[in-house]
Amino acid sequence: MNKILLNQKVIIYLSIETLLLLLATIAFFIAFKIVKNWDINSFTPNQFTLERENYLFITLVQMLLFFSIFDTIYFIYVIDKLHLFIPGAMCAAGVINANSFGVPLLLLKLFFIFLLLLWQNINILDLREKTFPYTKIKASFFIIIFLALIAIIYFDINYFFHLKTNLPVSCCSTLYGQLEGQNPLPFNLDTKLLLILFYLLFIVVFGALIGEVAFLILLATPLFLYIAYYSVTYFFGTYIYELPTHKCPFCMFQKEYYYIGYLIWGSLFLGTFFALIWAIDALLFKIWQKKLKLIAQISLFLFVIICSSYVAFYYFKNGVFL
Amino acid sequence: MIDIQNLTKKVQPNQTILDNISFRVKKGELVIVKGVSGSGKTTLLSILATLDKPTSGKVLINNQAVHKLPDLHLSLFRAQHIGFVAQHFNLIEHLSVYDNLLIAKGALTNSIKEAKSDITKALKQANILHKKDAIVKNLSGGEKQRTAIARALVNCADILLFDEPTAALDSKNSQTFLELLQNLHKMQKTIIVATHDPIFDTLKAKTFIMQDGKLYE
Amino acid sequence: MKKLMPFLLTLLFLGAIAIIFIALAKKEAPITVVTNNFEGKPLPIKLNKTNDTECAMLIKTQTNAAEVIAPDRKTWFFDDPGCMVKWIQNKPFKKKAKLWVFTIDTKRWIDAKKAFYTTTYHSAMHYGFGAMEKNSSKTINFHTMVQRMLHNQTMANPKFRKKLLGTSNE
Amino acid sequence: MRDSIFFQLILINFFSNFKKHLVTILFSTLLLFLLTATLFISDSIQFMLKSELNAQSDFVAKRVLGGDFVPMPKSYFEKIQNTIGISEANCRVIGRYFFDKSYWALIIGIDPLEPQSQKILEKILDKKSAKALLTQKVMLIGKGVQEYLQKHYFQNFYSFFTLKGKIIKVKVLKMLQGFGLNNIILMPKNLAREILGLLPNQCSDVAFNVPNKKEWNNITNKIEGYYFDIMLFNKDELLKAYSDVFNFKGGFFLSLYLSSFLAFILFLYTQYSFISSFEKRQIAIYRLLGWSIKRVLWLKLLEIVLIIFISFTLAFVLAYFFVFSLNAPILKLIFLGSDNLKIFSSFYPYIDFSTLFSIFLLFSLGFFTATILPLWRAAISEAKEVL
């Protein structure tokens, strides 16, 4: 028996995933029925049953969304704690890179939340209308979400079953530290250009939100997310750790840094996800949701402010940059 | 305004309860539907109250085709526009009068502050304010009915439906009910009463007669 | 102003894209792998610009460096024969690949399988294997070197270092 | 909250169906109590171990012979001491003294004039006891040792029986306070050597610190290369080893718990699948008054939230009291059954809130999964059926 599988936190995590799968499976069956038989104009008892099941379906998916968010936070926490059992790992970075399933799993989980948020958004639009025009779309979309969940479970099992406690892994300093002579940043950027891009894209996204330029948000936000990841890992992170060589996206989840990682990454993902959803609404459904826009703006603004203020405070305190 | 067109309700394929009914009720009108028990009055009323769906035909209330609405919107519509006083009042017996009204208010809002004044107003209109904190179980038949009426009024519904309102009352209470009904009529509420009690013959109202699922004027 | 904004923002976005392209074109990244080595001969290493694939360090000297040429003509570079051994172990082309080392004594590329190795050479990753073309009493053959590398019987293991040197490394 | 009709109605409904909920609350409180208590215990032990380890020196070098650790000559210590990069190297005299087969204590020899690699020792040594340790045959003992001495009619002294057959009387100078010090005896180094049977030029092992953590690998590599027969252990490795033990025990218990949790979910499902006509009538009245299926379902779910919240609070309070006030009778045996953990007498009240959060997450999710279908079935009750 693998030692990792007897870890309390892993057991709890896997149990949560199982329960989520159970919820999703029930929802999946209803979704399947809706895709097949839904007809709002029909007056057959079948349709009435389907309509009632629709409310169960909605509640199930909303629950799935609610618990998935906490589940993902918990997942990060678990792998962060597992570094004690894996030789060489200093934080979650080592654990998640311990085998090839870790990183795709984390990305999938984030993407899954994005999909569920998008679903919830369609759901709100759907329920607002008296004819439930998007119910079929919603149900079909959920089938895709369900497949994503299956993939997550597949990666979950593979990840934890293949987590070896006897093989040393690299700690974050070798995984995210600059390899000798190698530039870890994408597109061959240097730090200065990276920062210019970071703020430039932020202005574009933020401005596009104010000016309601949906197509631009759809284009710029993914790029901003990508650049922001590298900016935080390779630049802002060093100011959080106050160490120019400490380049790691995960260590900031630890207590030593006041769990600031949850806030930083949380606001980034919330902001970009909501901005994207807003843009999709605007382009696809011609609906401009003020609330979504506002949340996106506040989150993104918060994200940039927190990151920048770490640099600013360091400069005020020490009079120099790292 | 209520507009019913070719309304048919079947329970089983061969058992027809309502057979091709059409009629109109204008806003502020008082309508009495007469008929012996089992003639389909209650079914008609529950379709009007949007609790039941017709097998075929159209039900338009305030220009809204309610037979087409999904439950989410239908319920909202019911809460906003329809006050229904059933034969056995359908109160939750172990709760107080106030709590019973709070449930009705809860269908539309979540703010108690907002609800409180509306509840007091409705209790006053139904003349039951003095029993506000009494447990429904301990009330008399007439008081229970007034509680049910207050509950129907609490969301400012413009359509009130009564199913056999005097069946459980003695003659004195029935008389009081008639006075209340006339008061409500004066408030420009659309009222439909299903009954077989001859006491309503004294009222000046539009009267329909129901027989074997058909409606006659 | 409101009509200008989308235009301005799009312009900014295009600017961002432009920055990416400029950065892409600006400088070349360090070499980790070279494709299409059709001759199958070892390539000269661009010093300080080539990464060791196993330990990710820059290769600073050609002496005692190593190269692997896979059957599909891809070439990888290593700064220590030990690194090469470690890296190739779980590769499917392990047996078919050509292995080269740059010898210390004759200063040229030879087949790594035919080379001999001293065990206490000050190699880049401190495994201690120094590639030699000529056999001597102090050298071991390729097979033994691989065995020792995989069994952790190298200078990197403190106990084994003591055995090899007879004393501590002081 | 107080201005929320939803909240009022949840309370009203909760008390209306109180009998049904009471059974659920009892069961879930019991289940949660067991889990919370075990997690409190394992978290507390891990915390104590961690803080004890943090007070230890960074490295310990031990000599191996015959597959066991044996005393090492002082020359080893001197060589290690002279390595650049290490500080507070200490030729330790430390070992178990068996009072009888069933009870032993750890004797630690200390020399107040030497630098102490263990931070905790520095804290204990005040001027007075340091002076006494230099000049007299005295010892500082933990609470467990004190209890043993009292039981065996030794008053403020103990006569040690050395391995060479000599009897040495040692006076008790002071009691040691604090967790991890339960079964410990501190005494002068040379006295400890004599009692443990070590030669004057021997150390049990060598402890030292390496202040620069980045040098840890280098130093290990260097010192392990000094001799064929020494092994180096660092604090982090010890922490990992200790964590493993509790990882296993906690995980084992949790697996057992999960099977009962499954039973609980089934219980919940049947419990809430049975909808009394009384309840059905209530829901029908809600529906009559314009509550949509969705709204009723949410109301019912929030009722469940209330139940979860009550059970959780009850379980938390009970478990806290059970573990940290009553010292976890019975349950303690499961965790501290093995004798190498004798050093703990009582649990230090340390709570890891993330574990609480994880139980809460799992438990509430399980609860919802079990009840959502029955609740939905109740929520779709049609008003017309009860008119």
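Beta bridges per DSSP, both residues in chain C: antiparallel share near 95 percent.
Candidate membrane-span-like segments in chain C, meaning DSSP H helices with Cα atoms spread over at least 24 Å of their own axis and a Kyte-Doolittle mean of -0.5 or above, are C:4-26, with no membrane implied.
Quick one: work out the % antiparallel among DSSP beta bridges in segment B:2-216, nearest 5. Counting only bridges with both partners in segment B:2-216, antiparallel ones make up about 50 percent. Pair-distance distribution of segment A:179-318: all C-alpha pairs, bin width 10 Å, starting at 0; shares per bin in whole percent are 12, 41, 31, 14, 3, 0. Placing +1 on the Cβ of every Lys and Arg and -1 on the Cβ of every Asp and Glu, with nothing else charged, gives chain B a dipole about its Cα centre of roughly 460 debye. Peptide A:194-202 is shielded by partner chain Cβ atoms: per residue, an average of 3 of them sit within 10 Å of its Cβ. Given axes a ≥ b ≥ c from the Cα gyration tensor, I'd like to know whether segment B:34-192 is rounded (a/c under 1.5), prolate (a/b larger than b/c) or oblate. Oblate.
Report, in listed order, any pair from D:LYS62/D:LYS235; A:LYS130/D:LYS280; B:LYS41/D:LYS384; A:LYS247/C:LYS74; B:LYS144/B:LYS214; A:LYS290/B:LYS68 with a Cα-Cα distance greater than 23 Å. Checking Cα-Cα distances, A:LYS130/D:LYS280; A:LYS247/C:LYS74; B:LYS144/B:LYS214; A:LYS290/B:LYS68 exceed 23 Å. Working from Cα pairs under 8 Å separated by at least six residues, relative contact order for chain A is 17 percent. Sparse packing (at most 15 other Cβ atoms within 10 Å of the Cβ) combined with a DSSP loop state is found for none of the trypsin sites (Lys or Arg not before Pro) in segment B:39-91.
Cα centroids of segment C:72-129 and segment A:1-66: 56 Å apart. Say R0 is 60 Å: what FRET efficiency, to the nearest 0.05, do C:LYS138 and A:TYR199 get from their beta-carbon distance? Calculated transfer efficiency: 0.50. Highest mean packing comes first when the peptides B:186-194, D:351-359 are listed by Cβ atoms within 10 Å, giving B:186-194, D:351-359. Remark: spin-label model distance A:TYR229-D:GLU114 equals 5.3 nm, labels positioned 7 Å along the Cα→Cβ axis. The mean count of C-beta atoms from other chains within 10 Å of the C-beta of residues in D:355-367, rounded to a whole number, is 5. Put simply, the Cα atoms of the protein assembly as shown extend 127, 89, 58 Å along their principal axes, the longest span coming first.
Taking only Cα atoms, what is the 0 to 90° angle, nearest 10, from helix A:290-318's long axis to the longest principal axis of chain A? The two axes meet at around 10 degrees. For segment C:33-165, the convex hull drawn through the C-alpha positions has a volume of 98 cubic angstrom per residue.
For segment A:194-258, the square roots a ≥ b ≥ c of the C-alpha gyration tensor eigenvalues yield an a/c of 1.5 or more together with a/b exceeding b/c, which makes the shape prolate. Listed by chain and number, the lysines whose alpha-carbon sits under 18 Å from that of C:LYS113, ignoring those within fewer than 8 places in the same chain, are C:LYS41, C:LYS86, C:LYS91, C:LYS94, C:LYS95, C:LYS96, C:LYS98, C:LYS134, C:LYS138.
Charges were assigned to the Cβ only: +1 to each Lys and Arg, -1 to each Asp and Glu. The resulting dipole of segment A:3-172 about its Cα centre is roughly 120 debye.
Note on the protein assembly as shown: dipole from Cβ charges, positive end direction compared against C:LEU9, D:MET187, D:ALA241; the farthest Cα belongs to D:MET187. Using just its DSSP H runs of length 4 or more, each adding -39500 (n - 2.57), chain B gives a mean residue ellipticity at 222 nm of -10500 deg cm²/dmol after division by all residues.
Where only DSSP H runs of four or more residues are counted, chain C gives -9000 deg cm²/dmol as its mean residue ellipticity at 222 nm, each run worth -39500 (n - 2.57).
Remark on D:LYS137: its backbone amide H falls under 5 Å from none of the residues 5 or more positions apart or on other chains, H modelled at 1.01 Å from N.
Using the 1.4 Å probe convention, the accessible area of chain D works out to 47 Å² per residue with neighbouring protein chains retained. Compute the Cα gyration tensor for chain D, then decide on rounded, prolate or oblate, letting a ≥ b ≥ c be the square roots of its eigenvalues: rounded whenever a/c is under 1.5, prolate when a/b is larger than b/c in the other cases, and oblate in all that remain. Here chain D falls in the prolate category. Using just its DSSP H runs of length 4 or more, each adding -39500 (n - 2.57), chain A gives a mean residue ellipticity at 222 nm of -24000 deg cm²/dmol after division by all residues. Kindly express, to the nearest 10 degrees and within the range 0 to 90, the angle between helix A:214-231's C-alpha long axis and the longest C-alpha principal axis of chain A. For helix A:214-231, the angle is close to 30 degrees. On the beta carbon distance between D:ASP126 and D:ASP244, with R0 = 30 Å, the FRET formula returns roughly 0.25. Scanning chain D for long hydrophobic helices, with DSSP H runs required to stretch 30 angstrom or more by C-alpha along their axis and to average at least 0.5 on the Kyte-Doolittle scale, returns D:18-55, D:235-273, D:293-320, D:353-379.
Counted over the protein assembly as shown, the DSSP beta bridges are approximately 70% antiparallel. Apply the Debye scattering formula to segment D:101-161, with a single equal point scatterer on each alpha-carbon and no solvent, then give log10 I(q)/I(0) at q = 0.22 Å⁻¹. Values, matching the q order: -1.03. Taking a label point 7 Å from the Cα of A:ASN41 along the Cα→Cβ vector, which residues of segment A:94-131 have an amide N closer than 11 Å to it? No residue qualifies, since no backbone N sits under 11 Å from the label point.
Pick out, from B:MET187, B:THR207, B:ASN173, the residue whose Cα sits farthest towards the positive end of the charge dipole of segment B:158-217, with +1 on the Cβ of Lys and Arg and -1 on the Cβ of Asp and Glu. So the residue furthest toward the plus end is B:MET187. For chain D, the relative contact order comes to 28 percent (Cα pairs under 8 Å, sequence separation of at least 6).
Taken about its Cα centre, chain D carries a charge dipole of about 660 debye when Lys and Arg each add +1 at the Cβ and Asp and Glu each add -1 at the Cβ. For C:LYS60, the aspartates and glutamates whose Cα comes closer than 20 Å to its Cα, not counting residues fewer than 8 places off in the same chain, are A:GLU180, C:GLU28, C:ASP52, C:ASP79, C:ASP80, C:ASP105.
Per residue of A:122-129, other chain Cβ atoms within 10 Å of the residue Cβ number 1 on average.
Based on the Kirkwood approach, the hydrodynamic radius assigned to segment D:223-290 is 17.8 Å, with every pair of different Cα atoms included. The calculated FRET efficiency for the pair B:LYS137 and D:MET1, based on their C-beta separation and a Förster distance of 35 Å, comes to about 0.75. Across the options D:PHE47, D:TYR269, C:LEU99, the greatest Cα extent toward the positive end of the charge dipole of the protein assembly as shown (unit charges at beta carbon of Lys, Arg, Asp, Glu) belongs to C:LEU99.
Compared with the dominant principal axis of the Cα atoms in chain A, helix A:135-161 is inclined by about 40°.
Distance between the modelled labels on C:LEU14 and C:LYS60, one decimal in nanometres: 4.8 nm (7 Å Cα→Cβ projection).
The values are calculated or read from the model by the stated rules, or taken from the named source; none is laboratory data. Keep in mind the model is a prediction, meaning the values are calculated, not measured. Here Cβ is always computed from backbone atoms with ideal geometry, including for glycine, and neighbour counts include all displayed protein chains. Surface areas here come from the heavy atoms of the whole protein model, side chains and all, with no ligands, DNA or RNA. Shrake-Rupley method; radii C 1.70, N 1.55, O 1.52, S 1.80 Å.
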